[in-house]
Structures are given as structure tokens and as C-alpha cells.
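K.L.:
Structure in C-alpha cells, see below.
The values are calculated or read from the model by the stated rules, or taken from the named source; none is laboratory data. Every value quoted in this text rests on a predicted model; they were computed, and no experiment measured them. Cβ atoms come from the backbone with ideal geometry, glycine included; neighbour counts cover every protein chain shown.
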Amino acid sequence: MDAKETFSKEMLEEYRKSGMFGLWIAEEYGGLGGGITCLAMAFEELSRGCAGLALTPGTSALGAIPMYLAATKEQREKWCPDLASGKKLWAFALTEPEAGSDATALKTTAIKDGDFYVVNGTKHFISTGKEADFYTVAVNTNPSRGARGISLLVIEKGTPGFSFGKKEEKMGIRSNPTYELIFENVRVPKENLLGSEGRGLLYLQETLDYSRPGSLSRPWGIKWPNWPPRRKPAAR
Ligand SMILES: Cc1cc2nc3c(=O)[nH]c(=O)nc-3n(C[C@H](O)[C@H](O)[C@H](O)COP(=O)(O)OP(=O)(O)OC[C@H]3O[C@@H](n4cnc5c(N)ncnc54)[C@H](O)[C@@H]3O)c2cc1C
């Protein structure tokens, strides 16, 4: 799958059957209640075989963690069951061509127009790009306020004006696709705002705190494919 850049639908089905997508989510929202540590342990094991395959439930969790942290009860009830069952995949869209390590430099705007936000901009390096159903997108709803204008919107695939650009050629984790996302006058209902306007950076920092154990567990799984070592007892 890695060599051929195959995004495996069979593997998705296996994940769904095993409850992988809901491993970290509370039982009241349809998950298994395992939390972030449990998820990281699962990713480590999966990454011994194929880190790209581990990235798909990883990205779905990463995309959904800000929603889980900042959403209203109604939003959680609306999105969590399909997230936990794996019926709908999520992705996380923060990085832009000119905003990587310095996420506050992001240029994607979302300007309020009645009951909608009108989104314009480009994201790149987005994991599970094109395959995910929901994208948690970092936008600026008040560019004059700089980093204090950053907000998070959930944008559904298929919304008019939302398209996919370049697919990245990678040296690894190739069974998970990495895409550019393009937003051209995309009208997003105001109900898809997570938390409050202008507090996006705080939610993002909290999200990265939650997601880092999972991110680190993948290279750990790659690094130690045969851990713990099964050495033959030394000859006496
Ligand atoms: C395979 C892959 C999948 C990804 N998936 C996602 C995803 O799903 N969603 C998403 O939003 N993003 C994703 N990313 C983007 C990732 O988060 C960024 O690549 C990362 O934030 C770094 O940004 P950059 O690539 O623009 O590098 P830069 O920020 O340009 O950094 C380049 C180098 O400069 C160094 N550097 C930067 N600033 C400083 C400084 N002030 N002082 C000293 N050194 C500095 C960095 O450490 C780095 O070595 C993905 C990236 C990859 C490669």
C-alpha cells in the first residue's frame, strides 16, 4: 500500500469494525472511552506495520479534537456518532504555504455575511486530504486583530467553492494522501464555528497538547518494529 500509494478502503472497514475511530471518544458520544493514551498505544502498534495506515485514524482524531474540545453539546451530538463509528472521516487544516511553524501567519479568511462565513484561502500538506468528509479549518475571522482573529470552522467536503489542489509526492506514509485544499468564496453556516470567534489559537494549542502523544507514537512504532527484542539466550 505504501509503495503504490493505496488508500485502503478494506483497512477502513477493519478500523470501523474494531472501533478504532472511536477509541478515544467518550462512551456517551458513541466511542470506547479509551482516551488519548490508549489511542497512542494503538498507533504505535499499527505503525510497526504501516505508519501511513495509522495516520488515517490519527488525522481523523486530530481533525475532531478541536471540535470535541470547543463544540457545544449540540455540535458534539451532531458530529460525534459518525466520527466514532468511522462513517465520516475528519481532517485538520492549519498549515498554509506561508504559515507552517508560525501558524499565526495564516492568511485564510472567513468573513461574516449574515448567517454564513465566506471563506477564501489555501491550505497545504493536509493529511487524509480528499478522503475526509469534514475539515476543521483554521481561518481568520477578523484579520485586523492578527492572531486574535483566528477561529476554527468545520467545512464539509462538497461545499461549493471547496476543491482539492496538488497531491504531495512523499518519501513515506504514502498510504495516506496529503493534499492542498482550496477555498474560493465557500459559504459555511455560522453553526459550524467551533467555540468563540478569535479564540482559535487557544483551541489549537490545546489540540496539539492532546494530539502530540499520538503523533509521537507513530515514529516510535516505526523505529522499533521488533520491540521488545527477542534475543536468543547467550550460549553458556
Ligand atoms: C506528511 C505531512 C503531513 C502533514 N499533515 C498536516 C495536516 O494534516 N494538517 C496540517 O495543518 N498540517 C500538516 N502538515 C504540515 C506540518 O504541520 C508543517 O509542515 C509544519 O508545521 C512545519 O511547517 P513548514 O513545513 O511550513 O516548515 P517551516 O515552518 O517553513 O520550517 C522549516 C524549517 O525551519 C525551521 N524553523 C521555522 N521557524 C523557525 C524559527 N523561528 N527559528 C528557527 N528555526 C525555524 C523549522 O524547524 C524547520 O526545520 C503536514 C506535513 C507533512 C510533511
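K.L.:
Any idea which of (1) in contact with a Ser or Thr (Cβ under 8 Å, 6 or more places away or on another chain); (2) part of a loop (DSSP other than H, G, I, E, B); (3) small (Gly, Ala, Ser) is the one Ala3 doesn't satisfy?
P.N.:
Condition not satisfied by Ala3: (1).
K.L.:
Additional query: Output yes when any residue across the range 75-88 is at pLDDT below 95, crowded, with 18+ Cβ neighbours inside 10 Å, among the aromatic types (Phe, Trp, Tyr) and within 18 Å of Glu27 (Cβ to Cβ), and no when none is.
P.N.:
No, there is no match, as no residue in the range 75-88 is at pLDDT below 95, crowded, with 18+ Cβ neighbours inside 10 Å, among the aromatic types (Phe, Trp, Tyr) and within 18 Å of Glu27 (Cβ to Cβ).
For (1) surrounded by 15 or more Cβ atoms within 10 Å (Cβ to Cβ); (2) under 16 Å from the mean Cα position of the chain (by Cα); (3) modelled with pLDDT of 95 or more; (4) in a strand (DSSP E or B), each residue gets a yes or a no:
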| site | (1), (2), (3), (4) |
| --- | --- |
| Gly172 | no, no, no, no |
| Asn176 | yes, yes, yes, no |
| Ile182 | yes, no, yes, yes |
| Val186 | yes, no, yes, yes |
| Glu197 | yes, no, yes, no |
| Tyr210 | yes, yes, no, no |
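K.L.:
Tell me, yes or no, whether the range 51-60 has at least one residue that is in a helix (DSSP H, G or I), over 18 Å from the mean Cα position of the chain (by Cα) and touching a residue at least 40 places away in the same chain (Cβ under 8 Å).
P.N.:
Within the range 51-60, the first condition is being in a helix (DSSP H, G or I), and the residues that meet it are 51-60.
Restricting the remaining residues to those that are over 18 Å from the mean Cα position of the chain (by Cα) gives none.
There is no residue in the range 51-60 that is in a helix (DSSP H, G or I), over 18 Å from the mean Cα position of the chain (by Cα) and touching a residue at least 40 places away in the same chain (Cβ under 8 Å).
K.L.:
Against the conditions (1) more than 12 Å from the ligand (Cβ to nearest atom); (2) buried (at least 16 other Cβ atoms within 10 Å of the Cβ), where does Glu206 fall short? Just the number, please.
P.N.:
Against the list (1) more than 12 Å from the ligand (Cβ to nearest atom); (2) buried (at least 16 other Cβ atoms within 10 Å of the Cβ), Glu206 comes up short only on (2).
K.L.:
Looking at this structure, is Ala132 touching a residue at least 24 places away in the same chain (Cβ under 8 Å), closer than 25 Å to Tyr29 by Cα, within 15 Å of the ligand (Cβ to nearest atom) and touching a helix residue (DSSP H, G or I) at 6+ places or on another chain (Cβ under 7 Å)? It would help to see each step written out before you state the result.
P.N.:
On the way: touching a residue at least 24 places away in the same chain (Cβ under 8 Å): yes; closer than 25 Å to Tyr29 by Cα: yes; within 15 Å of the ligand (Cβ to nearest atom): yes; touching a helix residue (DSSP H, G or I) at 6+ places or on another chain (Cβ under 7 Å): yes.
Yes.
K.L.:
Right, next: For the condition more than 9 Å from the ligand (Cβ to nearest atom), in contact (Cβ under 8 Å) with a residue 24 or more places away in the chain and either in a strand (DSSP E or B) or under 15 Å from Phe164 (Cα atoms) (or both), what is the one hit in Lys112, Lys88, Lys107?
P.N.:
Answer to the selection: Lys112.
K.L.:
Which condition number in (1) surrounded by fewer than 16 Cβ atoms within 10 Å (Cβ to Cβ); (2) of a type in the set (D, E, K, R); (3) touching a strand residue (DSSP E or B) at 6+ places or on another chain (Cβ under 6 Å) is the one that Asp113 fails?
P.N.:
Every listed condition holds for Asp113 apart from (3).
K.L.:
Which residues, counting only those in the range 127-145, are assigned to a loop (DSSP other than H, G, I, E, B) and either surrounded by fewer than 24 Cβ atoms within 10 Å (Cβ to Cβ) or among the charged types (D, E, K, R) (or both)?
P.N.:
Lys130, Glu131, Asp133, Thr141, Asn142
K.L.:
Scan the range 146-170 for residues that are in a loop (DSSP other than H, G, I, E, B), under 23 Å from Pro57 (Cβ atoms) and away from the ligand (no atom under 15 Å from the Cβ) and jot them down.
P.N.:
Gly158
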